[in-house]
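Colleague: Would you mind keeping the following structure in view while I ask a few things?
The values are calculated or read from the model by the stated rules, or taken from the named source; none is laboratory data. Remember, predicted model here, so these are calculated numbers, not experimental data. Cβ placement follows ideal geometry from the backbone for every residue including glycine, while neighbour counts extend to all protein chains displayed. Only protein heavy atoms, including side chains, enter the accessible area calculation; ligands, DNA and RNA are left aside. Shrake-Rupley method; radii C 1.70, N 1.55, O 1.52, S 1.80 Å.
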Amino acid sequence: MPQTHRPHTTVGRLTLFTALAVLATAMPHPAVAAGELPGVKPTAETPAVYDDEAGGNADADDPAIWRNPADPARSLVVATLKEGGLRVYDLDAREVQAVAAPEAPGPDDAPGRFNNVDLVHGMKVGARKSDLAVTSDRGSDRLRIYRVDGNSRSPLTDVTDPSAPAVFSSSQEEINEQRTAYGLATWTNPSSGRSYAVVSQRERTALRLLELTAKADGTVSYRTVRTLKLPSEFKLPKGRTWTPCGEPGEQPQVEGMVVDPETGTLYAGQENVGIWRLGADLKGKPKLIDKVREYGVPGTYDEETEECVPGKDPGYGGTHLSADVEGLTLLDRKGGEGYLLASSQGDNSFAAYGRGRGDGYEGGFKVTAASETLDGTEESDGAAVLNKPLGTKYPNGLLVVQDGDDRPGEPDRDATNFKFVDLKPVLDALN
């Protein structure tokens, strides 16, 4: 039978948890309500893309910021558009390059679908050290690796080893089931100099550590180091347990992830559970540092509506995140200070946690409209932040966030894009 594709991931998952989010956010919480959070305004936005046949099934998802060391004003943003492949933007949010996702290997197979992207700096590939953009190709269950050259009109060059293996699947039939490579975060071990990608599995709780390996022919492959599975069932008081509501057979997956390079700490967002902290080497015991508001709320999946019908909230959830918890990014500051930023997709806000072992909540903000034509962000998925000057355009640094509902858009078309936000008002809001 022909391969069928599920709808826009963000919208589909929001459909499952909207009822839970509405119920939970209506409950009183001691923390500041998301509607009272300070707003920051974008300064630019990328062209809208459309998740339909005419738009090439392009759906903005996750960004990464590449800083040009020779000329920071010519830095770039690399972003995933799922079946639309990759886009590269300059600091004016103009498109510089479009990279197509791979075609389906057969008529009944899934096409390439780029989900998350992250950067590796200074990895030796061939005769030189290179910066790499690494993306998870959910459609083919592989990593795709691109060399970044800021001096070229086409900054990304594919250096993926053609024989690179599937990450989680053992056959094309399994790949077509799409329990494949999903979220992604890269890191380089400062002691060994080896570079890695931590990859999550769609509709499962597995995290897999892959070491990136340079080949003699100038391509890059990877090998599995170890795998860890996060819980899918959670203990509640009085001997009870809770499993997040979802489609039959679907476990609570992870997408948003980031590694603190100074400490080798991985933060992983289990979408309808909360944020985990663990070693990026996937050793040791993970710790759940914050929960979504909907944590512990029972739900029954309705197959007709494809929604979860929530029960009574027992009050075991957190106070800062509304499911799904999505894009995680690290705002680093000198002396080990800074913030972990998390997209609270259910209430269109961003939560900030102290960087380090404390991980305490330190505030939040929303990205709000700057004008009638430059809107804020809703249902935000991926995010990336860089606390370094980027020329005169962004002397304070840059935050890039996905907008899951770009407006004003074309009628009857799902429009998404990325918003560029100067970092100073973000820091002011958090301070």
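Colleague: How large is Rg/Rh for segment 156-211, to two decimals, with Cα atoms and a Kirkwood Rh? Each step should come with its number before you reach the end.
Modeller: Numbers: Rg = 13.0 Å, Rh = 12.8 Å.
Ratio value, two decimals: 1.02.
Colleague: May I pose another question? Assuming a viscosity of 0.890 mPa s and a temperature of 25 °C, what translational diffusion coefficient in µm² per second does Stokes-Einstein assign to the chain, Rh being the Kirkwood radius over Cα pairs?
Modeller: On the way: Rh = 21.6 Å.
Stokes-Einstein gives a translational diffusion coefficient of 114 µm²/s.
Colleague: If you don't mind, there's one more thing I want to ask. What share of all Cα pairs of segment 121-200, in percent, falls into each consecutive 10 Å distance bin?
Modeller: 17, 43, 30, 9, 0
Colleague: Please compute the alpha carbon radius of gyration of segment 307-431, then divide it by the globular-protein estimate 2.2 N^0.38 Å. Two decimals is fine.
Modeller: Expressed relative to 2.2 N^0.38 Å, the Cα Rg reads 1.15.
Colleague: GNM, the chain, Cα, under 10 Å: largest mean-square fluctuation among Gly376, Gly284, Gly327?
Modeller: Largest GNM mean-square fluctuation: Gly284.
Colleague: Running Debye on segment 40-100 with equal point scatterers at the Cα sites and no solvent, what base-10 log of I(q)/I(0) appears at q = 0.24 Å⁻¹?
Modeller: Treating every Cα as an identical point scatterer, log10 I(q)/I(0) equals -1.00.
Colleague: Shifting gears a bit: Using Cα-only point scatterers and the Debye equation, what is log10 of I(q)/I(0) for segment 365-431 at each q in 0.14 Å⁻¹, rounded to two decimals?
Modeller: -0.45
Colleague: Residue farthest toward the positive end of the dipole of the chain, with Cβ of Lys/Arg at +1 and Asp/Glu at -1: which of Leu321, Gly126, Leu156?
Modeller: Looking along the dipole axis, the top candidate is Gly126.
Colleague: Note down the magnitude of the dipole of segment 325-431 about its Cα centre, charges +1 on Lys and Arg C-beta and -1 on Asp and Glu C-beta and zero elsewhere, to the nearest 20 debye. List each step's numbers first, then the result.
Modeller: Details: 11 positive and 19 negative charges, 166 e Å.
It works out to roughly 800 debye.
Colleague: Rounded to the nearest 0.05, what FRET efficiency is calculated for Asp302 and Ala127 with R0 set to 41 Å and r the Cβ-Cβ distance? Show your work: numbers first, answer last.
Modeller: Details: r = 59 Å, r/R0 = 1.43.
So, using R0 = 41 Å, E works out to roughly 0.10.
Colleague: How long are the three semi-axes of the equivalent ellipsoid for segment 195-256, computed from the Cα gyration tensor as the root of 5 times each eigenvalue, in whole Å, largest first? Before the final figure, lay out the partial values.
Modeller: On the way: eigenvalues 237, 28, 10 Å².
Semi-axis lengths for segment 195-256 are 34, 12, 7 Å.
Colleague: Return P(r) of segment 287-362 (all Cα-Cα pairs; 10 Å bins starting at 0; whole %; ordered from short to long distances).
Modeller: 18, 41, 27, 11, 3, 0
Colleague: Under a 1.4 angstrom probe, counting protein chains only, how are Thr368, Thr300 ranked by accessible area, largest first? Show your work: numbers first, answer last.
Modeller: Values: Thr368 45, Thr300 95 Å².
Most to least solvent-accessible, the answer reads Thr300, Thr368.
Colleague: Okay, moving on. Can you pull out the trypsin sites (Lys or Arg not before Pro) in segment 250-289 that DSSP calls coil and that have at most 16 other Cβ atoms within 10 Å?
Modeller: On the way: sites: Arg277, Lys283, Lys287; in loops: Lys283.
Answer by residue number: Lys283.
Colleague: About the Cα centre of segment 244-355, what is the dipole size in debye to 20, counting +1 per Lys and Arg Cβ and -1 per Asp and Glu Cβ, all else neutral? Please report the intermediate quantities before stating the final value.
Modeller: Details: 10 positive and 20 negative charges, 193 e Å.
I would put it at about 920 debye.
Colleague: Of the cross-linked pairs Lys124/Lys334; Lys393/Lys424; Lys366/Lys388, which ones have a Cα-Cα span greater than 24 Å in the structure shown? Please list the in-between numbers first.
Modeller: Numbers: Lys124/Lys334 28 Å; Lys393/Lys424 12 Å; Lys366/Lys388 22 Å.
Where the Cα-Cα span goes over 24 Å, the pairs concerned are Lys124/Lys334.
Colleague: While we're looking at this one, here's another question. Excluding ligands, DNA and RNA, what is the solvent-accessible area per residue of the chain at a probe of 1.4 Å, expressed in Å²? Before the final figure, lay out each step's value.
Modeller: Details: 17960 Å² over 431 residues.
Roughly 42 Å² per residue, with all protein chains present.
Colleague: In addition: Suppose we keep just the alpha-carbon trace of segment 198-320; what are its Rg and Dmax in angstrom?
Modeller: 17.1, 59
Colleague: OK, next. What is the magnitude of the charge dipole of the chain about its Cα centre, with +1 placed on the Cβ of each Lys and Arg, -1 on the Cβ of each Asp and Glu, and no other charges, expressed in debye to the nearest 20?
Modeller: Details: 47 positive and 65 negative charges, 491 e Å.
Dipole size: approximately 2360 debye.
Colleague: Relative contact order for segment 273-431: what percent, with Cα pairs under 8 Å and sequence separation of 6 or more? Before the final figure, lay out each step's value.
Modeller: Details: 350 pairs, mean separation 21.9, N = 159.
Relative contact order here is 14 percent.
Colleague: To continue, here is another question. Among Thr135, Trp66, Gly84, whose Cα projects farthest towards the positive end of the dipole of segment 45-162, with charges put on the beta-carbon of Lys, Arg (+1) and Asp, Glu (-1)?
Modeller: Value: Trp66.
Colleague: At 20 °C and 1.002 mPa s, what whole-number value in µm²/s does Stokes-Einstein give for the translational diffusion of segment 261-318, with Rh from the Kirkwood sum over Cα pairs?
Modeller: Values: Rh = 13.3 Å.
Rounded, D is 162 µm²/s.
Colleague: Another question about this same structure. Give the carbon-plus-sulfur fraction of the accessible surface of the chain in %, rounded to a whole number; probe 1.4 Å, heavy atoms of protein chains only.
Modeller: Details: 8480 of 17960 Å².
Exposed carbon and sulfur together represent 47 percent of the surface.
Colleague: Can you compute the helix-only [θ] at 222 nm over the chain? Use -39500 (n - 2.57) per DSSP H run of at least 4 residues, normalise by all residues, nearest 500 deg cm²/dmol.
Modeller: Details: 3 runs with 31 residues, N = 431.
About -2000 deg cm²/dmol.
Colleague: Follow-up question, since we're still on this one. If I take every Cα pair under 8 Å that is 6 or more residues apart in segment 191-281, average their sequence separation and divide by the length, what percent do I get for the relative contact order?
Modeller: Contact order relative to length: 21 percent.
Colleague: State the percent of C-alpha pairs, over all pairs in segment 47-202, separated by a distance greater than 28 angstrom. Before the final figure, lay out each step's value.
Modeller: Numbers: 2315 of 12090 pairs.
The calculated P(r) of segment 47-202 puts 19 percent of pairs beyond 28 Å.
Colleague: Give me the Kirkwood hydrodynamic radius of segment 71-118 in Å, from all C-alpha pairs, to one decimal place? The partial results should precede the final answer.
Modeller: Details: mean 1/r = 0.0847 Å⁻¹.
Every distinct Cα pair counted, the radius reaches 11.8 Å.
Colleague: Kindly provide log₁₀ I(q)/I(0) values, in the same order as q = 0.16, 0.19 Å⁻¹, from the Debye equation applied to equal alpha-carbon scatterers of segment 134-273.
Modeller: Rounded to two decimals, the profile gives -0.90, -1.16.
Colleague: Which lysines does Lys238 reach when only Cα atoms under 24 Å apart count, and residues fewer than 8 places away in its own chain are ignored?
Modeller: Within the straight-line limit of under 24 Å, Lys238 reaches these lysines: Lys285, Lys287, Lys291, Lys312.
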